[in-house]
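The next block holds one structure in the form of structure tokens; read it before the comments.
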Amino acid sequence: MDYKETIEYLYNQLPVYQKVGGSAYKEGLDNSLRLDEYFSHPHRKYKTIHVAGTNGKGSVSHLTAAILQEAGYKVGLYTSPHLIDFKERIRVNGEKISEDYVVNFVEKHKAFFEPIEPSFFELTMMMAFMYFAYMGVDVAVIEVGLGGRLDSTNIISPDLSIITNISFDHMQFLGNTLPKIAAEKAGIIKKDIPVIIGEAEGEVRQVFEETAERTGAPIIFAEDEKIIHSSLKTASGWLFDTKYHLHLKGELSGYAQIKNAATVLCTIKELQKLGYVIPSKAVYSGFAYVNELTGLMGRWQIIQEINPKIVCDTGHNAAGMKYIVEQLTTERYQTLHFILGMVNDKDISNILTMLPKKAIYYFTKASIPRSRNERELEALARKQGLTGYSYPTVAEAVQAAKDWAAPNDFIFIGGSNFIVADALEYFGYQ
């Protein structure tokens, strides 16, 4: 098989949450542990940092990896889902895994893994762990797939754990209250391993404190550290004045990035305590060039600056959309054109109620089976006072918005990772 055939084989042979949703979710660590034993525990050959959370874990993972990379470490980065190409999930110093490695890995080991029927995530996680060992990384930043306690990645023993925040998402698996969701995410907290909490209050904070006390894990709340003293939104991103870094330029320009920046700065401080050598210049460089260093896409990404301005963002739950709506109010435009699509296994009522009424909507669906039908989405949106038109593909929706938009209008694209992925492909990103 060549690379394309191998990826199709993985998609067809193994259940993929990204494409089919809950039927691909396998609770428990049995398969991961069995795979780990077969591959001789590759993650023990390098240091690891474990990142969980409802929102922000991708940005925090990429920022942390970028800073460590600039500090001179050889850094593995494992994230999900990918937007355009599977290889985005597995990187070393920003470079995607080679196609040859993917093909050879599957060909060499499928006789073992086919009978145990791992999920797509379980197998490709192990592919990442093996690739990082093969490439001789110093440290790997490992992003949790879903939850924490029973997530496949929870077989590692990291130097540091990070939980960015807790909000409502994947409730069919993690629980229908914030404390229940927090308890699942807190499952990555391990004995004697420090944990950074990005933001938490009330019962959620209590869950983390109790888990840390029970396991003997040192716990640091980024909000308590008050690391960021002030922030200024600029055309090219954020400018932070922090406890340790004045005029720190952040390339990621979404409103959610203030919290993420504080979490990452706490992370760097804790890693330095653990013996990591991270000079100040690496922090400045990592923040300023994270997209270039790691290949990160889809975080308030400006696709076109003017005539009209076009932005996409992968925020896909109520907490993420809250930041997006807030940021849209700060943009200057005559008319807002909102390209919207969502998956069919989420409760979207809360999201629809917060979206701006004064906008033209282009309801669409992404090219995956999980996508909610665009006409169904339009009907639900109309009940909330949102009006517009339906388009069967993202490409058609984007083209229609471009045709209708005046030079001083604004086009926003979002609602799910997969809408953004299709849009980026339309615009020629690879």
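So which residue, out of 189, 197, 278, gets the largest mean-square fluctuation from a GNM of the chain using Cα contacts under 10 Å as springs?
278
For the residue pair residue 223 and residue 111, what label-to-label distance in nm results when each label sits 7 Å from Cα along the Cα-to-beta-carbon direction?
The modelled label-to-label distance comes out at 5.5 nm.
In whole Å, what is the distance between the alpha-carbon centres of segment 256-290 and segment 408-429?
Between the Cα centre of segment 256-290 and that of segment 408-429, the gap is 29 Å.
I'd like to know which of 426, 335, 366 lies farthest towards the positive end of the charge dipole of segment 301-427, counting +1 on Cβ of Lys and Arg and -1 on Cβ of Asp and Glu.
The residue sitting farthest along the positive end of the dipole is 335.
Assign unit charges at the C-beta atoms only (+1 for Lys and Arg, -1 for Asp and Glu), then state the dipole size of segment 301-427 relative to its Cα centre in Debye, rounded to the nearest 20. Before the final figure, lay out the partial values.
Details: 13 positive and 14 negative charges, 74 e Å.
It works out to roughly 360 debye.
For segment 301-427, what does the alpha-carbon gyration tensor say about shape, rounded, prolate or oblate, given a ≥ b ≥ c as the root eigenvalues, a/c under 1.5 as rounded, and a/b over b/c as prolate? Walk me through the numbers on the way to the answer.
Details: a/c = 1.43, a/b = 1.22, b/c = 1.17.
Rounded, because the longest to shortest axis ratio a/c is under 1.5.
Under 23 Å from the Cα of residue 383, which lysines turn up, not counting those fewer than eight places away in the same chain?
The reachable lysines, counting only those whose Cα sits under 23 Å from residue 383, are 322, 346, 357, 358, 365.
Please go through segment 343-398 and write out the trypsin sites (Lys or Arg not before Pro) that DSSP classes as loop and that have at most 12 other C-beta atoms within 10 Å. Walk me through the numbers on the way to the answer.
On the way: sites: 346, 357, 358, 365, 370, 372, 375, 382, 383; in loops: 346, 357, 358, 365, 370, 372, 383.
Of the trypsin sites (Lys or Arg not before Pro), the ones in loops of segment 343-398 whose Cβ has at most 12 other Cβ atoms within 10 Å are 357, 358, 383.
Which percent, to the nearest 5, of DSSP beta bridges fully inside the chain are antiparallel? Before the final figure, lay out the partial values.
Numbers: 18 of 53 bridges.
Percentage antiparallel, nearest 5: 35.
Carbon and sulfur: what percent of the chain's accessible surface (1.4 Å probe)? Please list the in-between numbers first.
On the way: 8650 of 17640 Å².
So the carbon and sulfur contribution to the accessible surface is 49 percent.
Placing +1 on the Cβ of each Lys and Arg and -1 on the Cβ of each Asp and Glu in segment 73-127, which of 101, 116, 79 has its Cα farthest towards the positive end of the resulting dipole?
So the residue furthest toward the plus end is 79.
With a/c under 1.5 counting as rounded, go ahead and sort segment 288-341 into rounded, prolate or oblate using the C-alpha gyration tensor (a ≥ b ≥ c being the square roots of the eigenvalues; past the cut-off, prolate if a/b is larger than b/c, else oblate).
Working: a/c = 1.95, a/b = 1.25, b/c = 1.57.
Judged from the Cα gyration tensor, segment 288-341 comes out oblate (a/c at least 1.5, b/c at or above a/b).
Quote the relative contact order of segment 85-179 in percent (integer), defining contacts as alpha-carbon pairs under 8 Å separated by 6+ residues.
Details: 41 pairs, mean separation 16.9, N = 95.
That works out to 18 percent.
Could you state the accessible area per residue of the chain in Å², with a 1.4 Å probe and every protein chain left in place? Spell out each step's value before the answer.
Numbers: 17640 Å² over 430 residues.
Averaged over the residues of the chain, the accessible area is 41 Å².
Just name one of 187, 208, 237: the one whose Cα is farthest towards the positive end of the charge dipole of the chain (beta-carbon charges, Lys/Arg +1, Asp/Glu -1).
Most positive-ward Cα: 237.
Which residue, 85, 313, 36, has the most motion in a Gaussian network model of the chain that connects Cα atoms within less than 10 Å?
So, out of 85, 313, 36, the one fluctuating most is 85.
What pairs from 74/269; 47/226; 243/281; 180/243 go past 26 Å between their alpha carbons? It would help to have the intermediate numbers written out before the result.
Working: 74/269 19 Å; 47/226 28 Å; 243/281 15 Å; 180/243 34 Å.
In this structure, 47/226; 180/243 exceed 26 Å between Cα atoms.
Which part of segment 62-92 falls in the paramagnetic zone of residue 280, meaning amide N under 17 Å from the point 7 Å along Cα-to-beta-carbon?
What the label zone holds, given the 17 Å backbone N cut-off, is 71.
Across all directions of projection, what mean area in square nanometres is found for the Cα convex hull of the chain?
Values: hull surface 76.7 nm².
Mean projected area for the chain: 19.2 nm², to one decimal.
So if we plug the beta-carbon distance of residue 12 and residue 272 into 1/(1 + (r/R0)^6) with R0 = 51 Å, what FRET efficiency do we get, rounded to 0.05?
On the way: r = 46 Å, r/R0 = 0.89.
The pair residue 12/residue 272 has a calculated efficiency of 0.65.
Let me know the charge dipole size of segment 3-294 about its Cα centre in debye, to the nearest 20, where only the beta-carbon of Lys, Arg (+1) and Asp, Glu (-1) is charged. Could you put the intermediate results ahead of the total?
Values: 30 positive and 36 negative charges, 95 e Å.
For this selection, approximately 460 debye.
What do you get for trypsin sites (Lys or Arg not before Pro) in segment 50-121 restricted to DSSP loop and a cutoff of at most 12 other Cβ within 10 Å of the site's Cβ?
none
So which GluC sites (Glu not before Pro) in segment 262-362 are both in a DSSP loop and have at most 10 other Cβ atoms within 10 Å of their Cβ?
Details: sites: 270, 292, 305, 326, 331; in loops: 305, 331.
Within segment 262-362, the qualifying GluC sites (Glu not before Pro) (loop, at most 10 other Cβ atoms within 10 Å) are 305.
Given an 8 Å cut-off on Cα distances and at least 6 residues of separation, report the relative contact order of segment 306-430 as a percent. Walk me through the intermediate numbers first.
Details: 234 pairs, mean separation 49.7, N = 125.
Normalised by residue count, the contact order of segment 306-430 is 40 percent.
The values are calculated or read from the model by the stated rules, or taken from the named source; none is laboratory data. All figures in this text were calculated on a predicted structure; none of them were measured in a lab. Please note: Cβ atoms are built from the backbone with ideal geometry, for glycine as well, and neighbour counts cover all protein chains shown. Each accessible area value is taken on the protein alone, full model and side chains, heavy atoms only, with ligands, DNA and RNA left out. Shrake-Rupley method; radii C 1.70, N 1.55, O 1.52, S 1.80 Å.
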